[in-house]
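Chemist: Here's a structure for you.
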Amino acid sequence: MAGLEGMEQPRQRVGTVAPVRWTPTVEDELALKAFEVFGDPTLGEIRLPSRPESAVAARRLTQTVVLRHWGLSAQVAEHAVLLVSELVGNAVRHTGARCFGLRMLRRRGWLRIEVRDPSRGLPCLLPVREMDTSGRGLFLVDKLSDRWGVDLLARGKTTWFEMRVVDR
């Protein structure tokens with residue numbers, strides 16, 4: 001190295017790895033804040049305000065649960081986050097509700113995520129063309145999940161999806 005002639009350089013020992021210390025990232029901090037504010041959706045339904053910014057909190061909660069709580073793959077987390085975003089977007093845009101519910105369930109070989117809102121209006125899976133700029137939400141849910149559906153309730157509905165997952 002230029003300018004360092006005659007200076008002894010520290011040697012790297014072969015086969016040793018310095019211990020890696022986990023330091024929380026900004027995303028980790030924001031996810032922890034979302035758990036603090038809204039609760040843990042794996043313990044029961046949590047309530048979020050029906051505003052566009054709630055989709056951000058729902059995505060953070062989903063990613064943290066799928067990756068850290070359940071230890072599933074990054075691809076499963078990516079698909080789950082996208083699908084949650086679509087269901088939350090529909091609940092916020094189309095129901096006129098003050099809030100919606102989010103719940104995440106895990107059983108051997110499956111995960112299930114539910115979004116509950118007070119509207120009894122059913123979502124509609126529409127055909128999607130290449131140049132369409134909207135209406136792709138349920139199309140994505142249909143393509144990326146193994147099962148999805150809507151359960152009508154006495155007051156509202158629950159829209160849900162399930163994905164097969166590999167248990168580690």
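Chemist: Given 0.36 nm per residue, what is the gain on full extension from R155 to D167 after removing their alpha carbon distance, in nm?
Modeler: 0.8 nm
Chemist: Taking 0.36 nm per residue of sequence separation and subtracting the Cα-Cα distance, how much length would be gained by fully extending the chain between R47 and T25, in nm to one decimal? Walk me through the numbers on the way to the answer.
Modeler: Values: separation 22, 0.36 × 22 = 7.92 nm, distance 2.55 nm.
Using 0.36 nm per residue and subtracting the Cα-Cα distance, I get 5.4 nm.
Chemist: Given points 7 Å out from each Cα along the Cα-Cβ axis, report the A74 to L126 separation in nanometres with one decimal.
Modeler: Those two pseudo-labels are separated by 3.5 nm.
Chemist: What's the Kirkwood radius of segment 43-124 in Å, using all Cα pairs? Provide the component values of the computation, followed by the final result.
Modeler: Values: mean 1/r = 0.0773 Å⁻¹.
Result for segment 43-124, one decimal place: 12.9 Å.
Chemist: Moving on to the next point. Please compute the net charge surrounding E29, taking Lys and Arg as +1 and Asp and Glu as -1 over other residues with Cβ under 12 Å from its Cβ.
Modeler: Working: positive: K33, R60; negative: E27, D28, E36.
Neighbourhood net charge equals -1.
Chemist: From the Cα trace of segment 21-168, what convex hull volume per residue do you get, rounded to a whole Å³?
Modeler: Numbers: hull volume 18.8 nm³, N = 148.
Output value, Cα hull per residue: 127 Å³.
Chemist: Roughly how many Å² of R147 are accessible to a 1.4 Å probe, to the nearest 10?
Modeler: We get 120 Å² for R147.
Chemist: If you don't mind, there's one more thing I want to ask. How big is D, in µm² s⁻¹, for segment 89-168 by Stokes-Einstein at 37 °C and 0.692 mPa s if Rh is the Kirkwood radius over C-alpha pairs? Write down the numbers at each step before the final one.
Modeler: Working: Rh = 13.8 Å.
It comes out at roughly 239 µm²/s.
The values are calculated or read from the model by the stated rules, or taken from the named source; none is laboratory data. None of these values were measured; they are calculated from a predicted model. FYI the Cβ positions are ideal-geometry reconstructions off the backbone, even for glycines, and counts take in every protein chain you see. Ligands, DNA and RNA are stripped out before the accessible areas are found, and what is left, the full protein with its side chains, is counted by its heavy atoms. Shrake-Rupley method; radii C 1.70, N 1.55, O 1.52, S 1.80 Å.
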